[in-house]
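The values are calculated or read from the model by the stated rules, or taken from the named source; none is laboratory data. Everything numeric here is computed off the predicted structure, so don't read it as measured data. When we count neighbours, we look across all protein chains shown, and the Cβ atoms used for this are built from the backbone with ideal geometry, even at glycine.
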Amino acid sequence: MRLDRRFPKKRVIITGAGSGLGRATALEFAKKKWNIGIAEINRKRAEETADLVRREGGTPLVLSCDVTKPKDFKKVLARVVKEWGGLDILVNNAGVAAAGYFEKIPLDRWEWIIDLNLRSIIFGCHVVIPQFKKQGFGHIVNVASNAGIACLPEMGSYNVTKAGAISASETLRCELAPHNIGVTVVCPTFFKTNLMDQFTSPDERQKKMAEKFFEKARTSSEKVARHIISSIEKNRFYVITQSDGRFIWWSKRHFPELYFKISSYVYRKGYMDKYLGVDTN
């Protein structure tokens, strides 16, 4: 069903919409003349996105939101319900990137990334689901990552949070189906975005590897955003835009033992470092 027929009032909240995939998604909704709640902690970036949304034909609503605080989500929802009379779609997009050997990642960094990448999704869903049930409809989009599927080495904290986001989404997909509430989880591999802005790692080498991955990325934020919207329209669960991500998803599910055997071999031999041109010495 066409998105505007399914949700004629065209109301969406996007967390972390001040840049990257969040902004790209906001602009794709703007082209469809939606009302867009820009839930963002950085006011300057939020206002920049709002200006771009207006130029594309959308109606922005800037919403101050620290996604690590449930009370902020409650305020955001209350404002949207007051302004728009309800909500159609929540996009839990805010997040950060990190890397590091499992035991070398400081515990405060574990808490930081869990708060931003996983607990924020839990908070958003926890606040919005009662509103959707009351309305009798709605759709939740949780932005995870293919990292939550692939679980590559030296990305432990990031992998854990993104796998948790996928698990939460899988649970909600079935749990909310009787209430006419759709759920979509976004699992891209590397694409052109600004995730390196807040990237953290105790090892400079891992930062260089992440930078090389992003440099080699061919897919844009805009393409992933368009895929998200088309998936909502078709009520599809997984959004895996790139072919390498779909191959990883298929391989791990059909041949899990072989997947880990090959992954471990590639890691032991340092083939990924050689591919990226990162000096391991």
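Any idea which of LYS33, LYS10 is on the phi > 0 side of the Ramachandran plot and either under 20 Å from the mean Cα position of the chain (by Cα) or in contact (Cβ under 8 Å) with a residue 40 or more places away in the chain (or both)? Give the steps one after another, and end with the answer.
On the way: LYS33 fails: either under 20 Å from the mean Cα position of the chain (by Cα) or in contact (Cβ under 8 Å) with a residue 40 or more places away in the chain (or both).
Testing whether each residue is on the phi > 0 side of the Ramachandran plot and either under 20 Å from the mean Cα position of the chain (by Cα) or in contact (Cβ under 8 Å) with a residue 40 or more places away in the chain (or both) leaves just LYS10.
I'm trying to understand the selection: among the residues of the stretch 116-172, which are of a type in the set (S, T, N, Q) and either in contact (Cβ under 8 Å) with a residue 40 or more places away in the chain or out of contact with any helix residue (DSSP H, G or I) (no Cβ under 6 Å at 6 or more places or on another chain) (or both)? Lay out the reasoning, then the answer.
The first filter runs over the stretch 116-172 and keeps only residues of a type in the set (S, T, N, Q), leaving 117, 120, 131, 135, 142, 145-146, 157, 159, 161, 167, 169, 171.
Selection gives ASN117, SER120, GLN131, GLN135, ASN142, SER145, ASN146, SER157, THR161, SER167, SER169, THR171.
Only one of these is modelled with pLDDT under 95 and either within 18 Å of the chain's Cα centre (by Cα) or under 16 Å from THR184 (Cα atoms) (or both): SER221, SER231, SER263. Name it.
Numbers: SER231 fails: modelled with pLDDT under 95; SER263 fails: either within 18 Å of the chain's Cα centre (by Cα) or under 16 Å from THR184 (Cα atoms) (or both).
Exactly one residue qualifies, and that residue is SER221.
Being farther than 24 Å from THR25 by Cα, modelled with pLDDT under 95, surrounded by fewer than 16 Cβ atoms within 10 Å (Cβ to Cβ) and charged (D, E, K, R) is the requirement here; does GLU204 meet it? Give the steps one after another, and end with the answer.
Working: farther than 24 Å from THR25 by Cα: yes; modelled with pLDDT under 95: yes; surrounded by fewer than 16 Cβ atoms within 10 Å (Cβ to Cβ): yes; charged (D, E, K, R): yes.
Answer is yes for this residue.
Kindly indicate whether SER145 is part of a helix (DSSP H, G or I), surrounded by 15 or more Cβ atoms within 10 Å (Cβ to Cβ) and of a type in the set (Ser, Thr, Tyr).
Details: part of a helix (DSSP H, G or I): no; surrounded by 15 or more Cβ atoms within 10 Å (Cβ to Cβ): yes; of a type in the set (Ser, Thr, Tyr): yes.
No: the conditions fail for SER145.
Report yes if some residue within the stretch 100-115 is at pLDDT below 95, buried (at least 21 other Cβ atoms within 10 Å of the Cβ) and either on the phi > 0 side of the Ramachandran plot or touching a Phe, Trp or Tyr at 6+ places or on another chain (Cβ under 6 Å) (or both); otherwise report no.
Within the stretch 100-115 (the criterion being at pLDDT below 95, buried (at least 21 other Cβ atoms within 10 Å of the Cβ) and either on the phi > 0 side of the Ramachandran plot or touching a Phe, Trp or Tyr at 6+ places or on another chain (Cβ under 6 Å) (or both)), the answer is yes, since at least one residue qualifies.
Among what's in the stretch 47-78 and is within 20 Å of the chain's Cα centre (by Cα) and part of a loop (DSSP other than H, G, I, E, B), pick the residue that is farthest from ALA24 (Cα to Cα).
Once the filter is applied, the top-ranked residue is LYS69.
Which of the residues belonging to the stretch 231-269 are surrounded by 17 or more Cβ atoms within 10 Å (Cβ to Cβ) and of a type in the set (A, V, I, L, M, F, W, C)?
ILE232, VAL239, ILE240, ILE248
Within the group PHE190, PHE199, which residue is at pLDDT below 95, farther than 30 Å from GLY136 by Cα and crowded, with 19+ Cβ neighbours inside 10 Å? Spell out how you get there, then give the answer.
Numbers: PHE199 fails: crowded, with 19+ Cβ neighbours inside 10 Å.
On inspection, the qualifying residue turns out to be PHE190.
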